[in-house]
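Below is one structure, written out as structure tokens; comments come after it.
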Amino acid sequence: MKKWIAICLGLCLCMGMFWNSSVLAVNAEETKTEYLIMVNRAANCVTVYEKDETGEFTVPVKAFVCSCGREGHGTPLGTFKTSDYYEWRLMVDGTYGHYAVRFNKKIMFHSIPYYTRDAGNMEWDQFNLLGEAASLGCVRLTCADAKWIYDNCAKGTEVVVYEDAENPGPLGKPEEMKLTAENPMRMWDPTDTSSKNPWNQVRPTLYLTKMVGTEEALMLSAGASENDIYNAIGLIDATGNVCKSGEYNIKISGNYDLNQQGIYSISVRGVNSLGVRTEKNITLYVV
């Protein structure tokens, strides 16, 4: 028992060191994690990869549903690099893109279009087209996914646009909820994490059934299964009640090895029965 406590304390100390270094990394552009962004325009799906131990981009860590260019405005195929970043960007049709990142001349990653530079003035019917070709050539994403690229992918990140209608990508093609004309919150992107977003009234929260110390971190023994991870993560609704099995869906992604001792960062996405999603980065200890 004493040995196990010592291991836990040692890991918590390591976690603190890891956290401090992560904060520094966020503030230093040159130390951001390197990624490769693959855009499957035929499947309207984006997959983000990071490097494996050999330095090759083989590890899928994120998948986003998207809307590439519609007929007559196809998103160009090829290999490009991100260049300019805009919190808001005026589009060629007079709408605005939130968290826009340019990667090929006038072609950018950005949110669903907004009528104005107001996060509560989204073209809600265009949100429902995610997963279909709908844009004038840009790659449309949810607000949260566009912001992830804006925040995490440094200038010069390689972007490859390709076609494979049969295989959206190794992590599959995520789904997003559909908005209705009767929904009073329809002008807001449901994934937008802004404190002003009324979707927060029904947004669930991820929680761990197992914790390390006082920090939220998951500890598993080497040789654990994927089911052990999923069983250790649950969802709480906006009223504070624990969601029952079958009332929610959880998706885990990241670069980790349950057979190899180490400290890993995993990304967890939870979706409740209403289709509202929440995300959280969790530290995984394999001991």
Practice problem: Could you tell me which of the residues A217, A165 is among the aliphatic types (A, V, I, L, M) and more than 30 Å from C138 (Cα to Cα)? | Solution: A217
Exercise. Output the number of residues of region 260-276 satisfying the condition of being within 16 Å of F64 (Cα to Cα) and either exposed (fewer than 15 other Cβ atoms within 10 Å of the Cβ) or assigned by TED's automatic domain parsing to the domain that holds Y49 (or both).
Key: 1
Exercise. Only one of these is among the charged types (D, E, K, R), at positive phi and either surrounded by fewer than 21 Cβ atoms within 10 Å (Cβ to Cβ) or outside the structural domain of I252 (by TED's automatic domain parsing) (or both): K105, K81, K51, K62. Name it.
Key: K105
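From S221, S194, grab the single residue that is surrounded by 12 or more Cβ atoms within 10 Å (Cβ to Cβ) and touching a residue at least 60 places away in the same chain (Cβ under 8 Å).
Step by step, each of S221, S194 is checked, and only S194 is surrounded by 12 or more Cβ atoms within 10 Å (Cβ to Cβ) and touching a residue at least 60 places away in the same chain (Cβ under 8 Å).
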Exercise. Confirm whether N44 is in the same structural domain as P113 (by TED's automatic domain parsing) and touching a Cys at 6+ places or on another chain (Cβ under 7 Å).
Key: yes
Exercise. May I ask you to list pairs of residues, at least six apart or on different chains, whose Cβ atoms are under 8 Å apart, with the first in region 117-132 being closer than 14 Å to M91 by Cβ and the second being of a type in the set (G, A, S) and buried (at least 17 other Cβ atoms within 10 Å of the Cβ)?
Key: M122/S111; Q126/S67; Q126/A134
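The values are calculated or read from the model by the stated rules, or taken from the named source; none is laboratory data. Computed from a predicted model, the values in this text were never measured in an experiment. Glycine also receives a Cβ, built like all others from the backbone with ideal geometry; neighbour counts cover every protein chain displayed.
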